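One structure, pasted below without further comment.
The values are calculated or read from the model by the stated rules, or taken from the named source; none is laboratory data. Keep in mind that what you see is a predicted model, and the values were worked out from it rather than measured. Here the Cβ is made from the backbone with ideal geometry for all residues, glycine too, and neighbour counts use every protein chain on show.
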Amino acid sequence: MSFKDMVAQDIHRVFLNLAEYGEPRTVIYDGNVYADIPVVLRGIKEDTREQRMDDHVQGLYIATDIMHCSLSDIGGVLPEKGTRIRISDADKPEYYHEYYVANSTIAMGMVRAELEAYDE
């Protein structure tokens, strides 16, 4: 068994284990609903947004979160930069957070997507 095979087996048993790191979330991307898939979502920073001269809205911030999930759990599709993605809240599954994909990569069957959202 190769190292890549071992990692592929460990994606759900270790990295996305619902008893430890992962949480069941519903992800909506590109018109498809992926219900109750194991996701690790963590917020990494909140920063002031760039304000243009004609923009008079104050008090908004850009929140950046990182999502990890299995590529197979989201239909084998890597979220593209600039597209929207909606992820259910861990505490209130009927509520969804809407993000823009800032960057996404895949390594050994795991998706790492940097997500941005405006926050007050």
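Would you point out which residue out of 101, 111 is in contact with a Pro (Cβ under 9 Å, 6 or more places away or on another chain), at pLDDT 95 or above and over 19 Å from residue 8 (Cβ atoms)?
101
Let me ask something else about it. Going through the range 72-90 one residue at a time, which ones are more than 17 Å from residue 21 (Cβ to Cβ), of a type outside the set (Lys, Arg) and surrounded by fewer than 18 Cβ atoms within 10 Å (Cβ to Cβ)?
72, 75, 76, 77, 78, 80, 82, 83, 89
Sticking with this one: Which one of these is under 30 Å from residue 2 (Cα atoms), surrounded by fewer than 17 Cβ atoms within 10 Å (Cβ to Cβ) and modelled with pLDDT under 95: 118, 95, 21, 61?
Checking each option against the conditions leaves just 21.
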